[in-house]
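Below is one structure, written out as C-alpha coordinates; comments come after it.
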Amino acid sequence: MSYPEDLRYTAEHEWARLESGLVTVGITSYATEQLGDIVFVELPELGRRLEAMKAFGTIEAVKTASDLFAPVAGEVVAINEALADNPALVNQSPFGEGWMIRVKPADAGDLKRLMNHEAYAQLIEEQHA
Amino acid sequence: MEPTATLKRTPFHRFHKDAGAKLVDFAGFEMPLRYAGDVREHQAVRTCAGLFDISHMGEFIVRGVGAAEFLDRALTNDIASTTPGQAMYTVMCRPDGGIVDDLYVYRSGDHFMLVVNASNIAKDFAWLRDQCPTGVSLTDRSDDTALLAVQGPKASDVLRGHVPEPALAMPANRFVEGPLFGVPATIARTGYTGEDGFELYFKSGDALAVWNGLIEAGRPHGLEPVGLGARDTLRLEMAYMLYGNDIDDTTSPLEAGLGWTVKLAKPAFTGRDALARQKEQGLTRRLVGLEAEGRRVPRHDMAVESGGRAVGRVTSGAYGPSVGKAVAMAYVDATSAALGAALEVAAGASRIPVRVVKRPFYTHGSRRAAG
(Lines give C-alpha, C1' and ligand atoms only; values in the text may rest on other atoms or scores of the structure.)
Protein backbone atom coordinates (compact mmCIF):
# COMPACT_ATOMS: atom_id res chain seq x y z
CA MET A 1 0.00 0.00 0.00
CA SER A 2 1.32 3.48 -0.80
CA TYR A 3 0.10 6.88 0.37
CA PRO A 4 0.35 10.35 -1.20
CA GLU A 5 3.89 11.70 -0.91
CA ASP A 6 2.91 15.32 -0.33
CA LEU A 7 1.05 14.60 2.94
CA ARG A 8 2.03 14.11 6.56
CA TYR A 9 0.36 11.47 8.72
CA THR A 10 -0.62 10.74 12.33
CA ALA A 11 -0.65 7.34 14.02
CA GLU A 12 -4.43 7.85 14.35
CA HIS A 13 -4.73 7.84 10.53
CA GLU A 14 -5.30 11.54 9.87
CA TRP A 15 -3.43 13.23 7.05
CA ALA A 16 -2.30 16.87 6.84
CA ARG A 17 -1.42 18.90 3.75
CA LEU A 18 0.37 22.28 4.00
CA GLU A 19 -0.64 24.70 1.24
CA SER A 20 -0.15 28.49 1.26
CA GLY A 21 0.31 28.51 5.02
CA LEU A 22 -2.88 26.52 5.78
CA VAL A 23 -3.14 22.86 6.77
CA THR A 24 -5.92 20.73 5.28
CA VAL A 25 -6.88 17.68 7.35
CA GLY A 26 -8.62 14.43 6.50
CA ILE A 27 -8.42 10.71 7.23
CA THR A 28 -6.49 8.14 5.22
CA SER A 29 -7.77 5.46 2.87
CA TYR A 30 -6.62 2.93 5.46
CA ALA A 31 -8.92 4.57 8.03
CA THR A 32 -11.92 4.54 5.70
CA GLU A 33 -11.35 0.86 4.89
CA GLN A 34 -11.32 0.06 8.59
CA LEU A 35 -14.42 2.15 9.35
CA GLY A 36 -16.63 1.05 6.47
CA ASP A 37 -19.43 3.27 5.17
CA ILE A 38 -19.34 6.68 6.82
CA VAL A 39 -22.74 8.17 7.65
CA PHE A 40 -21.92 11.32 9.61
CA VAL A 41 -18.94 13.56 10.27
CA GLU A 42 -19.19 15.93 13.23
CA LEU A 43 -16.86 18.86 12.63
CA PRO A 44 -15.89 21.84 14.84
CA GLU A 45 -17.19 25.39 14.38
CA LEU A 46 -15.12 27.92 12.48
CA GLY A 47 -12.68 29.77 14.70
CA ARG A 48 -12.24 26.95 17.19
CA ARG A 49 -8.69 26.55 18.45
CA LEU A 50 -7.43 23.01 18.25
CA GLU A 51 -4.72 21.43 20.33
CA ALA A 52 -2.36 18.98 18.67
CA MET A 53 -3.51 15.36 18.96
CA LYS A 54 -6.69 16.33 20.82
CA ALA A 55 -10.07 15.29 19.40
CA PHE A 56 -11.66 17.88 17.09
CA GLY A 57 -14.65 15.86 15.87
CA THR A 58 -16.28 12.48 15.51
CA ILE A 59 -16.82 10.22 12.57
CA GLU A 60 -19.76 7.81 12.57
CA ALA A 61 -19.68 4.77 10.32
CA VAL A 62 -22.54 2.29 10.03
CA LYS A 63 -20.89 -0.11 12.43
CA THR A 64 -18.56 2.02 14.53
CA ALA A 65 -17.54 5.50 15.60
CA SER A 66 -14.14 7.13 15.90
CA ASP A 67 -12.74 10.40 17.18
CA LEU A 68 -10.85 12.70 14.84
CA PHE A 69 -7.52 14.04 16.10
CA ALA A 70 -5.88 17.32 15.16
CA PRO A 71 -2.49 16.71 13.50
CA VAL A 72 -1.33 20.21 14.52
CA ALA A 73 -2.43 22.97 16.86
CA GLY A 74 -4.20 25.90 15.24
CA GLU A 75 -7.42 27.67 14.39
CA VAL A 76 -10.18 26.16 12.23
CA VAL A 77 -10.59 28.47 9.21
CA ALA A 78 -12.72 26.20 6.97
CA ILE A 79 -14.79 23.05 7.20
CA ASN A 80 -15.89 20.82 4.34
CA GLU A 81 -19.60 21.73 4.16
CA ALA A 82 -20.22 19.08 1.50
CA LEU A 83 -19.82 16.32 4.08
CA ALA A 84 -23.05 17.33 5.84
CA ASP A 85 -25.13 16.08 2.90
CA ASN A 86 -22.71 13.56 1.51
CA PRO A 87 -20.50 11.95 4.16
CA ALA A 88 -19.78 9.12 1.69
CA LEU A 89 -17.30 11.52 0.03
CA VAL A 90 -14.86 10.48 2.74
CA ASN A 91 -15.08 6.85 1.56
CA GLN A 92 -14.97 7.77 -2.12
CA SER A 93 -12.13 10.27 -1.99
CA PRO A 94 -10.39 10.29 1.40
CA PHE A 95 -7.40 12.34 0.18
CA GLY A 96 -9.44 14.67 -2.03
CA GLU A 97 -13.09 15.72 -1.83
CA GLY A 98 -13.43 13.94 1.51
CA TRP A 99 -11.20 16.48 3.32
CA MET A 100 -12.59 17.66 6.67
CA ILE A 101 -11.14 20.89 7.99
CA ARG A 102 -8.59 23.58 7.15
CA VAL A 103 -6.47 24.92 9.98
CA LYS A 104 -4.28 27.99 10.36
CA PRO A 105 -1.43 26.32 12.23
CA ALA A 106 0.09 27.88 15.32
CA ASP A 107 3.44 26.79 13.92
CA ALA A 108 3.71 25.28 10.45
CA GLY A 109 6.95 23.67 11.60
CA ASP A 110 4.83 21.27 13.69
CA LEU A 111 4.08 19.26 10.55
CA LYS A 112 7.62 18.00 10.55
CA ARG A 113 6.83 16.05 13.70
CA LEU A 114 4.30 13.96 11.78
CA MET A 115 5.14 10.87 9.73
CA ASN A 116 5.97 11.08 6.05
CA HIS A 117 4.30 8.70 3.60
CA GLU A 118 6.98 6.04 3.94
CA ALA A 119 6.87 5.97 7.73
CA TYR A 120 3.07 5.81 7.63
CA ALA A 121 3.08 2.95 5.11
CA GLN A 122 5.50 1.11 7.38
CA LEU A 123 3.25 1.68 10.39
CA ILE A 124 0.32 0.13 8.53
CA GLU A 125 2.44 -2.79 7.44
CA GLU A 126 3.63 -3.40 11.00
CA GLN A 127 0.07 -3.30 12.33
CA HIS A 128 -0.77 -6.07 9.90
CA ALA A 129 2.35 -8.15 10.34
CA MET B 1 -9.31 -16.07 24.17
CA GLU B 2 -5.54 -15.81 23.66
CA PRO B 3 -4.80 -13.22 20.98
CA THR B 4 -2.45 -15.75 19.39
CA ALA B 5 -5.06 -18.52 19.28
CA THR B 6 -5.65 -19.88 15.81
CA LEU B 7 -8.99 -18.79 14.42
CA LYS B 8 -11.29 -21.45 13.04
CA ARG B 9 -12.27 -21.24 9.40
CA THR B 10 -15.48 -22.15 7.66
CA PRO B 11 -15.44 -24.24 4.46
CA PHE B 12 -15.98 -20.98 2.52
CA HIS B 13 -12.90 -19.16 3.79
CA ARG B 14 -11.11 -19.27 0.45
CA PHE B 15 -14.13 -17.76 -1.36
CA HIS B 16 -14.19 -14.85 1.09
CA LYS B 17 -10.50 -14.16 0.53
CA ASP B 18 -10.91 -14.40 -3.24
CA ALA B 19 -13.85 -11.97 -3.06
CA GLY B 20 -11.65 -9.45 -1.25
CA ALA B 21 -13.58 -9.57 2.03
CA LYS B 22 -12.22 -7.92 5.14
CA LEU B 23 -12.00 -10.77 7.64
CA VAL B 24 -12.39 -10.43 11.40
CA ASP B 25 -12.42 -12.60 14.50
CA PHE B 26 -16.00 -13.41 15.43
CA ALA B 27 -16.61 -15.95 18.20
CA GLY B 28 -13.26 -17.58 17.44
CA PHE B 29 -13.90 -17.82 13.69
CA GLU B 30 -12.24 -15.82 10.94
CA MET B 31 -15.37 -14.41 9.29
CA PRO B 32 -16.10 -11.88 6.52
CA LEU B 33 -17.00 -8.46 7.98
CA ARG B 34 -17.69 -6.86 4.59
CA TYR B 35 -17.10 -7.33 0.89
CA ALA B 36 -18.28 -4.36 -1.21
CA GLY B 37 -19.46 -2.15 1.68
CA ASP B 38 -21.92 -2.36 4.56
CA VAL B 39 -24.65 -0.20 3.01
CA ARG B 40 -24.44 -1.75 -0.45
CA GLU B 41 -24.65 -5.27 1.01
CA HIS B 42 -27.53 -4.25 3.27
CA GLN B 43 -29.45 -2.79 0.32
CA ALA B 44 -28.75 -5.88 -1.81
CA VAL B 45 -30.60 -7.96 0.79
CA ARG B 46 -33.50 -5.49 1.08
CA THR B 47 -33.97 -5.18 -2.69
CA CYS B 48 -32.55 -8.36 -4.32
CA ALA B 49 -30.74 -11.09 -2.43
CA GLY B 50 -27.68 -11.63 -0.28
CA LEU B 51 -25.55 -14.69 0.41
CA PHE B 52 -24.28 -15.15 3.97
CA ASP B 53 -21.77 -17.68 5.25
CA ILE B 54 -22.97 -18.46 8.76
CA SER B 55 -21.25 -21.83 9.08
CA HIS B 56 -19.75 -20.68 12.37
CA MET B 57 -23.10 -21.36 14.03
CA GLY B 58 -23.48 -24.63 15.96
CA GLU B 59 -25.70 -27.59 15.10
CA PHE B 60 -26.67 -30.28 17.60
CA ILE B 61 -28.67 -33.39 16.79
CA VAL B 62 -31.03 -34.74 19.48
CA ARG B 63 -32.45 -38.18 18.90
CA GLY B 64 -34.17 -41.00 20.74
CA VAL B 65 -37.33 -41.86 22.63
CA GLY B 66 -38.00 -38.96 24.96
CA ALA B 67 -36.15 -36.36 22.83
CA ALA B 68 -39.23 -34.14 22.53
CA GLU B 69 -39.93 -34.28 26.28
CA PHE B 70 -36.28 -33.51 27.06
CA LEU B 71 -36.26 -30.45 24.81
CA ASP B 72 -39.65 -29.33 26.09
CA ARG B 73 -38.14 -29.22 29.60
CA ALA B 74 -34.83 -27.65 28.60
CA LEU B 75 -36.32 -24.93 26.35
CA THR B 76 -39.00 -22.33 27.04
CA ASN B 77 -41.09 -22.61 23.88
CA ASP B 78 -43.68 -25.24 23.06
CA ILE B 79 -41.38 -27.80 21.44
CA ALA B 80 -43.78 -30.69 22.10
CA SER B 81 -46.36 -29.06 19.83
CA THR B 82 -44.08 -28.98 16.77
CA THR B 83 -44.58 -31.30 13.83
CA PRO B 84 -41.97 -32.69 11.40
CA GLY B 85 -40.86 -29.99 8.98
CA GLN B 86 -41.42 -27.17 11.47
CA ALA B 87 -38.78 -24.80 12.82
CA MET B 88 -39.29 -22.91 16.07
CA TYR B 89 -37.39 -20.04 17.70
CA THR B 90 -36.88 -20.42 21.44
CA VAL B 91 -34.64 -19.47 24.31
CA MET B 92 -32.94 -21.77 26.79
CA CYS B 93 -32.96 -20.47 30.36
CA ARG B 94 -31.08 -21.00 33.57
CA PRO B 95 -33.10 -21.85 36.70
CA ASP B 96 -32.90 -18.13 37.63
CA GLY B 97 -34.45 -17.14 34.29
CA GLY B 98 -31.22 -15.84 32.70
CA ILE B 99 -30.78 -16.76 29.04
CA VAL B 100 -28.23 -19.49 28.26
CA ASP B 101 -28.80 -18.99 24.53
CA ASP B 102 -31.41 -18.24 21.90
CA LEU B 103 -31.72 -20.91 19.23
CA TYR B 104 -33.77 -22.49 16.48
CA VAL B 105 -35.20 -26.02 16.82
CA TYR B 106 -35.89 -27.96 13.61
CA ARG B 107 -38.08 -31.02 14.04
CA SER B 108 -37.55 -33.93 11.64
CA GLY B 109 -39.30 -37.29 11.57
CA ASP B 110 -36.90 -39.02 13.94
CA HIS B 111 -34.70 -36.27 15.39
CA PHE B 112 -34.33 -32.59 16.22
CA MET B 113 -31.62 -30.21 15.02
CA LEU B 114 -30.76 -27.33 17.36
CA VAL B 115 -28.98 -24.34 15.82
CA VAL B 116 -27.10 -22.31 18.42
CA ASN B 117 -24.86 -19.25 18.49
CA ALA B 118 -21.20 -19.84 17.61
CA SER B 119 -20.03 -18.16 20.81
CA ASN B 120 -22.14 -20.56 22.89
CA ILE B 121 -21.47 -23.95 21.27
CA ALA B 122 -19.37 -25.38 24.13
CA LYS B 123 -21.53 -23.83 26.86
CA ASP B 124 -24.81 -25.00 25.33
CA PHE B 125 -23.55 -28.50 24.66
CA ALA B 126 -22.39 -28.94 28.26
CA TRP B 127 -25.64 -27.41 29.55
CA LEU B 128 -27.81 -29.79 27.54
CA ARG B 129 -25.63 -32.83 28.15
CA ASP B 130 -26.01 -32.37 31.92
CA GLN B 131 -29.80 -32.55 31.59
CA CYS B 132 -29.97 -35.20 28.87
CA PRO B 133 -31.74 -38.37 30.05
CA THR B 134 -30.62 -41.89 29.18
CA GLY B 135 -32.12 -43.03 25.91
CA VAL B 136 -31.68 -39.59 24.32
CA SER B 137 -28.52 -38.90 22.32
CA LEU B 138 -27.05 -35.43 21.89
CA THR B 139 -24.43 -34.96 19.16
CA ASP B 140 -22.48 -31.86 18.16
CA ARG B 141 -22.34 -31.69 14.35
CA SER B 142 -21.05 -28.10 14.17
CA ASP B 143 -17.67 -28.91 12.62
CA ASP B 144 -18.97 -30.92 9.67
CA THR B 145 -22.05 -28.83 8.92
CA ALA B 146 -21.94 -25.94 6.46
CA LEU B 147 -24.61 -23.23 6.67
CA LEU B 148 -25.37 -20.58 4.09
CA ALA B 149 -28.27 -18.11 4.14
CA VAL B 150 -29.85 -16.68 0.99
CA GLN B 151 -31.97 -13.71 2.04
CA GLY B 152 -33.96 -11.12 0.13
CA PRO B 153 -37.11 -10.69 -1.95
CA LYS B 154 -35.41 -12.53 -4.84
CA ALA B 155 -34.21 -15.46 -2.69
CA SER B 156 -36.66 -17.97 -4.15
CA ASP B 157 -35.78 -16.83 -7.71
CA VAL B 158 -32.15 -17.65 -6.94
CA LEU B 159 -33.02 -21.15 -5.73
CA ARG B 160 -35.68 -22.02 -8.35
CA GLY B 161 -34.68 -25.17 -10.20
CA HIS B 162 -31.95 -26.01 -7.67
CA VAL B 163 -34.14 -27.11 -4.73
CA PRO B 164 -37.26 -29.29 -4.56
CA GLU B 165 -40.30 -27.33 -5.76
CA PRO B 166 -42.16 -27.50 -2.39
CA ALA B 167 -39.32 -25.52 -0.76
CA LEU B 168 -40.33 -22.46 -2.79
CA ALA B 169 -43.98 -22.70 -1.76
CA MET B 170 -43.56 -23.22 1.99
CA PRO B 171 -44.26 -20.49 4.56
CA ALA B 172 -41.71 -19.15 7.06
CA ASN B 173 -40.46 -21.49 9.81
CA ARG B 174 -40.91 -24.59 7.66
CA PHE B 175 -38.18 -26.73 6.11
CA VAL B 176 -37.68 -29.65 3.76
CA GLU B 177 -34.89 -32.16 3.32
CA GLY B 178 -33.81 -32.66 -0.27
CA PRO B 179 -31.21 -31.98 -2.92
CA LEU B 180 -29.64 -28.52 -3.17
CA PHE B 181 -27.55 -28.23 -6.34
CA GLY B 182 -27.53 -32.02 -6.26
CA VAL B 183 -26.20 -32.46 -2.71
CA PRO B 184 -28.23 -33.57 0.34
CA ALA B 185 -29.41 -30.57 2.35
CA THR B 186 -31.89 -29.17 4.82
CA ILE B 187 -33.63 -26.20 3.21
CA ALA B 188 -35.35 -23.95 5.73
CA ARG B 189 -37.42 -20.83 5.25
CA THR B 190 -35.81 -19.00 8.15
CA GLY B 191 -33.50 -16.04 8.50
CA TYR B 192 -32.26 -13.06 10.47
CA THR B 193 -32.94 -10.15 8.12
CA GLY B 194 -36.70 -9.51 7.96
CA GLU B 195 -36.72 -10.53 4.31
CA ASP B 196 -37.97 -13.71 2.67
CA GLY B 197 -35.18 -16.22 2.48
CA PHE B 198 -33.65 -19.56 3.22
CA GLU B 199 -31.08 -21.11 5.48
CA LEU B 200 -29.30 -24.05 3.85
CA TYR B 201 -27.61 -26.80 5.86
CA PHE B 202 -25.37 -29.37 4.20
CA LYS B 203 -22.11 -31.28 4.69
CA SER B 204 -18.93 -29.19 4.79
CA GLY B 205 -17.51 -31.41 2.05
CA ASP B 206 -20.17 -30.11 -0.37
CA ALA B 207 -19.26 -26.46 0.18
CA LEU B 208 -17.70 -25.89 -3.22
CA ALA B 209 -20.65 -27.23 -5.23
CA VAL B 210 -23.19 -25.16 -3.29
CA TRP B 211 -21.24 -21.89 -3.16
CA ASN B 212 -20.43 -21.94 -6.86
CA GLY B 213 -23.97 -23.02 -7.70
CA LEU B 214 -25.46 -20.14 -5.71
CA ILE B 215 -23.10 -17.51 -7.12
CA GLU B 216 -23.90 -18.65 -10.66
CA ALA B 217 -27.66 -18.98 -10.12
CA GLY B 218 -27.76 -15.67 -8.23
CA ARG B 219 -25.98 -13.52 -10.77
CA PRO B 220 -29.07 -12.61 -12.86
CA HIS B 221 -30.95 -11.78 -9.63
CA GLY B 222 -28.38 -9.44 -8.11
CA LEU B 223 -27.20 -11.87 -5.41
CA GLU B 224 -24.21 -10.50 -3.53
CA PRO B 225 -22.10 -11.95 -0.71
CA VAL B 226 -22.91 -10.20 2.57
CA GLY B 227 -20.68 -9.90 5.62
CA LEU B 228 -21.31 -9.67 9.34
CA GLY B 229 -21.49 -5.86 9.18
CA ALA B 230 -24.64 -5.80 7.08
CA ARG B 231 -25.95 -8.89 8.86
CA ASP B 232 -25.91 -6.79 12.03
CA THR B 233 -27.68 -3.74 10.55
CA LEU B 234 -30.30 -5.98 8.91
CA ARG B 235 -31.09 -7.81 12.15
CA LEU B 236 -30.98 -4.62 14.23
CA GLU B 237 -33.56 -2.93 11.96
CA MET B 238 -35.78 -5.93 12.76
CA ALA B 239 -34.87 -5.73 16.48
CA TYR B 240 -33.74 -9.36 16.40
CA MET B 241 -31.58 -10.35 19.35
CA LEU B 242 -27.81 -10.70 19.23
CA TYR B 243 -26.68 -12.98 22.04
CA GLY B 244 -23.93 -11.36 24.10
CA ASN B 245 -25.24 -7.87 23.27
CA ASP B 246 -29.00 -7.76 23.80
CA ILE B 247 -29.45 -10.94 25.81
CA ASP B 248 -27.15 -13.03 28.00
CA ASP B 249 -27.02 -15.09 31.19
CA THR B 250 -28.08 -12.06 33.26
CA THR B 251 -31.13 -10.98 31.22
CA SER B 252 -34.51 -12.66 31.20
CA PRO B 253 -36.60 -13.33 28.09
CA LEU B 254 -39.44 -11.33 29.62
CA GLU B 255 -37.25 -8.23 29.98
CA ALA B 256 -36.00 -8.72 26.41
CA GLY B 257 -39.52 -8.79 24.98
CA LEU B 258 -39.23 -12.50 24.18
CA GLY B 259 -42.17 -13.42 26.41
CA TRP B 260 -43.86 -14.93 23.35
CA THR B 261 -41.26 -17.72 23.39
CA VAL B 262 -41.91 -18.50 27.08
CA LYS B 263 -44.83 -20.88 27.56
CA LEU B 264 -45.59 -20.54 31.26
CA ALA B 265 -48.59 -22.84 30.74
CA LYS B 266 -46.19 -25.76 30.27
CA PRO B 267 -46.04 -27.77 33.52
CA ALA B 268 -42.26 -27.71 33.90
CA PHE B 269 -39.21 -26.28 32.16
CA THR B 270 -35.90 -24.88 33.37
CA GLY B 271 -36.44 -21.30 34.51
CA ARG B 272 -40.21 -21.54 34.73
CA ASP B 273 -40.57 -20.70 38.42
CA ALA B 274 -38.26 -17.69 38.26
CA LEU B 275 -39.98 -16.36 35.13
CA ALA B 276 -43.47 -16.91 36.55
CA ARG B 277 -42.43 -14.99 39.66
CA GLN B 278 -40.91 -12.21 37.56
CA LYS B 279 -44.10 -11.89 35.56
CA GLU B 280 -46.23 -11.75 38.69
CA GLN B 281 -44.04 -9.16 40.42
CA GLY B 282 -43.65 -7.01 37.32
CA LEU B 283 -40.49 -6.15 35.39
CA THR B 284 -38.03 -3.57 36.71
CA ARG B 285 -36.36 -3.03 33.33
CA ARG B 286 -37.22 -3.58 29.69
CA LEU B 287 -35.40 -3.80 26.40
CA VAL B 288 -36.69 -0.91 24.27
CA GLY B 289 -36.12 0.39 20.78
CA LEU B 290 -34.49 3.82 20.52
CA GLU B 291 -34.44 6.14 17.53
CA ALA B 292 -31.84 8.90 17.57
CA GLU B 293 -32.93 12.41 16.68
CA GLY B 294 -29.55 13.64 15.57
CA ARG B 295 -27.09 11.86 13.36
CA ARG B 296 -24.88 10.64 16.15
CA VAL B 297 -25.25 6.89 16.70
CA PRO B 298 -25.86 5.29 20.11
CA ARG B 299 -23.46 2.36 20.48
CA HIS B 300 -23.18 -0.79 22.58
CA ASP B 301 -22.56 -0.10 26.28
CA MET B 302 -23.29 3.66 26.24
CA ALA B 303 -25.34 4.85 29.23
CA VAL B 304 -28.97 5.94 28.78
CA GLU B 305 -30.11 8.94 30.82
CA SER B 306 -33.36 10.64 31.66
CA GLY B 307 -33.00 14.23 32.86
CA GLY B 308 -29.35 13.58 33.70
CA ARG B 309 -30.10 10.45 35.72
CA ALA B 310 -28.79 7.06 34.53
CA VAL B 311 -31.71 4.81 33.61
CA GLY B 312 -30.13 2.13 31.45
CA ARG B 313 -27.58 0.97 28.91
CA VAL B 314 -27.47 0.53 25.14
CA THR B 315 -27.08 -3.09 24.02
CA SER B 316 -26.87 -2.62 20.22
CA GLY B 317 -26.76 0.46 18.04
CA ALA B 318 -26.00 1.30 14.43
CA TYR B 319 -27.08 3.47 11.56
CA GLY B 320 -30.02 1.69 9.92
CA PRO B 321 -29.68 2.16 6.16
CA SER B 322 -33.30 1.21 5.45
CA VAL B 323 -34.81 3.40 8.18
CA GLY B 324 -32.42 6.26 7.40
CA LYS B 325 -31.76 6.87 11.07
CA ALA B 326 -29.53 5.73 13.88
CA VAL B 327 -31.37 3.05 15.86
CA ALA B 328 -30.52 1.19 19.03
CA MET B 329 -31.82 -1.17 21.66
CA ALA B 330 -31.29 -0.57 25.36
CA TYR B 331 -32.34 -1.91 28.72
CA VAL B 332 -34.01 0.92 30.63
CA ASP B 333 -35.87 1.17 33.92
CA ALA B 334 -39.50 0.21 33.42
CA THR B 335 -40.50 3.77 34.37
CA SER B 336 -38.56 5.14 31.37
CA ALA B 337 -39.70 2.52 28.88
CA ALA B 338 -42.98 4.03 27.65
CA LEU B 339 -43.33 4.52 23.89
CA GLY B 340 -42.45 8.09 23.02
CA ALA B 341 -40.32 8.69 26.13
CA ALA B 342 -37.55 11.23 25.43
CA LEU B 343 -34.18 10.03 26.74
CA GLU B 344 -30.52 10.77 26.12
CA VAL B 345 -27.58 8.53 25.34
CA ALA B 346 -24.20 9.54 26.75
CA ALA B 347 -21.55 9.50 24.02
CA GLY B 348 -18.46 10.79 25.79
CA ALA B 349 -19.10 14.40 26.72
CA SER B 350 -22.03 14.82 24.34
CA ARG B 351 -25.63 13.63 24.63
CA ILE B 352 -27.56 12.00 21.80
CA PRO B 353 -31.30 12.75 22.06
CA VAL B 354 -33.32 9.56 21.53
CA ARG B 355 -36.96 8.52 21.69
CA VAL B 356 -38.44 5.16 22.68
CA VAL B 357 -40.11 3.71 19.58
CA LYS B 358 -41.87 0.52 18.56
CA ARG B 359 -39.85 -2.48 17.49
CA PRO B 360 -39.11 -3.53 14.79
CA PHE B 361 -37.67 -0.33 13.32
CA TYR B 362 -38.13 -1.63 9.78
CA THR B 363 -41.59 -2.85 8.80
CA HIS B 364 -41.44 -3.23 5.01
CA GLY B 365 -39.56 -6.52 4.74
CA SER B 366 -40.57 -9.32 2.37
CA ARG B 367 -40.54 -11.93 5.16
CA ARG B 368 -43.31 -14.49 4.78
CA ALA B 369 -45.81 -15.25 7.50
CA ALA B 370 -45.07 -18.34 9.56
CA GLY B 371 -47.08 -21.46 8.86
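Sub-6 Å Cβ pairs linking a first residue in region B:335-347 that is under 27 Å from residue A:64 (Cβ atoms) and of a type outside the set (S, T, N, Q) to a second residue that is part of a loop (DSSP other than H, G, I, E, B) and open to solvent by less than 20 Å² (accessible area, probe 1.4 Å), at least 6 apart or interchain, are B:345/B:298, ordered by first then second residue. Could you tell me whether any residue of region A:68-88 is touching a Gly at 6+ places or on another chain (Cβ under 8 Å) and within 14 Å of chain B (Cβ to nearest Cβ)? Yes - at least one qualifying residue is present in region A:68-88.
Determine whether region B:334-348 contains at least one residue that is polar (S, T, N, Q) and within 14 Å of chain A (Cβ to nearest Cβ). Among the residues of region B:334-348, not one is polar (S, T, N, Q) and within 14 Å of chain A (Cβ to nearest Cβ), which makes the answer no.
For region B:52-61, the criterion of being open to solvent by 10 Å² or more (accessible area, probe 1.4 Å) and within 14 Å of chain A (Cβ to nearest Cβ) is satisfied by no residue at all. Restricting region A:91-116 to residues that are of a type in the set (A, V, I, L, M) and within 12 Å of residue A:25 (Cβ to Cβ), the residue that is farthest from the other protein chains (Cβ to nearest Cβ) is A:111. Within region B:32-43, being hydrophobic (A, V, I, L, M, F, W, C) and either part of a loop (DSSP other than H, G, I, E, B) or more than 13 Å from every other protein chain (Cβ to nearest Cβ) (or both) holds for one residue alone: B:36. Residue check: residue B:181 meets all listed conditions (1) open to solvent by 30 Å² or more (accessible area, probe 1.4 Å); (2) over 20 Å from residue B:88 (Cβ atoms); (3) in contact (Cβ under 8 Å) with a residue 40 or more places away in the chain but one, namely (3). Consider residue B:101 carefully, then state whether it is among the acidic types (Asp, Glu), modelled with pLDDT of 95 or more and either assigned to a strand (DSSP E or B) or assigned by TED's automatic domain parsing to the domain that holds residue B:230 (or both). Yes. Looking only at residues of region B:284-311 that are open to solvent by 20 Å² or more (accessible area, probe 1.4 Å) and in contact with a Phe, Trp or Tyr (Cβ under 8 Å, 6 or more places away or on another chain), we find that the one that is nearest to the other protein chains (Cβ to nearest Cβ) is B:295. Of the candidates A:123, A:111, A:83, the single residue that is surrounded by 18 or more Cβ atoms within 10 Å (Cβ to Cβ), part of a helix (DSSP H, G or I) and among the aliphatic types (A, V, I, L, M) is A:83.
Scanning region B:312-326 for residues that are open to solvent by 70 Å² or more (accessible area, probe 1.4 Å) and within 14 Å of another protein chain (Cβ to nearest Cβ) gives a single hit, B:325. I'd like to know if region B:53-76 contains one or more residues that are under 18 Å from the mean Cα position of the chain (by Cα), of a type in the set (Val, Ile, Thr) and closer than 27 Å to residue A:62 by Cβ. Yes, that holds for at least one residue. Residues that are surrounded by fewer than 22 Cβ atoms within 10 Å (Cβ to Cβ) and part of a loop (DSSP other than H, G, I, E, B) within region A:64-80 comprise A:64, A:73, A:80, listed in sequence order. Taking the conditions exactly as written (part of a loop (DSSP other than H, G, I, E, B), at pLDDT 95 or above, on the phi > 0 side of the Ramachandran plot and among the acidic types (Asp, Glu)), does residue B:301 satisfy them or not? When the stated conditions are applied, residue B:301 passes them. Criterion applied to B:90, B:76, B:83 was being open to solvent by 10 Å² or more (accessible area, probe 1.4 Å) and either charged (D, E, K, R) or modelled with pLDDT of 95 or more (or both), and the one residue passing it is B:83. Residue count for region A:44-55, restricted to those that are open to solvent by less than 40 Å² (accessible area, probe 1.4 Å) and within 13 Å of chain B (Cβ to nearest Cβ): 1.
Taking the listed residues A:25, A:41, the one that is within 22 Å of residue A:92 (Cβ to Cβ), away from every other protein chain (no Cβ under 14 Å) and in a strand (DSSP E or B) is A:25, with no other qualifying. Entry remark, region B:227-257: residues being part of a loop (DSSP other than H, G, I, E, B) and more than 13 Å from the chain's Cα centre (by Cα) number 11 in total.
The values are calculated or read from the model by the stated rules, or taken from the named source; none is laboratory data. Because the structure is a prediction, the values reported are computed rather than measured. Ideal geometry is used to build each Cβ from the backbone, glycine not excepted, and the neighbour counts take in all protein chains shown. For accessibility, only protein heavy atoms count, side chains too; no ligands or nucleic acids. Shrake-Rupley method; radii C 1.70, N 1.55, O 1.52, S 1.80 Å.
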